[in-house]
Amino acid sequence: LPEKFGRLLESCKKSDYDQCWLINNAGSLGPLGPASYLGSDASSMKELQHAVNLNITSGIWISSQFTKSFLKPCKISSSPLIRIVNVSSLCAIEPFPTMSIYCCGKAARDMFHSVLAKENAQINDDATTSSITDANNEKSPVPFKVLNYAPGACETSMTDILAESPGLDGGIHDYLSSAKKDQSLVKADETAKKLIGLMLKDEFESGSHVDYWDL
């Protein structure tokens, strides 16, 4: 990951872009089952570590390196607008039985991206203070914003795998089975359209958690 993604970032000529968006959506379900049974043997420990590396470590590293590469506080006037979207979940803020690792990963990513937003808040404050309003008396967009976006329970292959897992909590299994039967799961293109609309309006608070159903 460092070699491939690092090379990609190095190949980007920053002056060629007015805006740079990162949609950080790498992840997996990880081990499912009661939290008290996780990591009980060598093989499950490896599975647990793999899930942590994929769902937390890699997501943190990607957003960190993206920010470092494109955001230049000392040259903020010549830097492109930076927008980072961490694809979150209701699992980041509510506990779901038998999904502790998935919930943990989403919660950790939410907190990291909220901290990333907090650390760079002063850059936005400085830019707002020095910005010149346009003809409509609207302020220029701030340089750096982060969004934790929960897309809703989507109709994807991951949802199919989750619904068929024998380790899944019975209540969650019943909900997913009913939602699939009623076709009430969120379509991927629908939540993507809502996210794009939210990003283009650019009115969300940096570091906030926004759910599909809030829009």
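The values are calculated or read from the model by the stated rules, or taken from the named source; none is laboratory data. If you're wondering where the values come from, they're calculated on a predicted model, not measured in any experiment. Cβ: placed from backbone, ideal geometry, glycine included. Neighbour counts: every protein chain shown. Accessible surface is based on the protein model in full, side chains and every heavy atom, while ligands, DNA and RNA are left aside. Shrake-Rupley method; radii C 1.70, N 1.55, O 1.52, S 1.80 Å.
Summary table below
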quantity	calculated
Estimated vicinal HN-Hα couplings, Hz - segment 148-153 in sequence order (Karplus 6.51, -1.76, 1.60; Gly, Pro = x)	9, 10, 9, x, x, 6
Relative contact order %, segment 87-215, counting alpha carbon pairs below 8 Å whose residues are six or more apart	33
Charge dipole (debye, nearest 20) of the chain; +1 at Cβ of Lys and Arg, -1 at Cβ of Asp and Glu	680
Relative contact order [Cα under 8 Å, 6+ residues apart], the chain, whole percent	23
Stretchable slack from ILE93 to TYR175, in nm (0.36 nm times residue separation minus alpha-carbon distance)	27.7 nm
Among LEU1, ILE196, THR159 the positive-end extreme of the charge dipole of the chain (Cβ point charges)	LEU1
Sites ILE161 and LEU215 - FRET efficiency at Förster radius 35 Å, r taken between beta-carbons, to 0.05	0.85
Contour excess over end-to-end distance, with Cα ends at SER15 and ALA188 and 0.36 nm allotted per residue	59.0 nm
222 nm mean residue ellipticity, helices alone, for the chain (DSSP H n ≥ 4; -39,500 (n - 2.57); rounded to 500)	-14500 deg cm²/dmol
Segment GLU47-LYS201, length gained on full extension (0.36 nm per residue, minus Cα span)	51.4 nm
The chain: mean projected area of Cα convex hull, nm²	14.1
Mean accessible surface per residue for the chain, computed with a 1.4 Å probe while every protein chain stays in place, in Å²	58
Percent carbon-and-sulfur accessible area, the chain, ignoring ligands, DNA and RNA, probe 1.4 Å	56
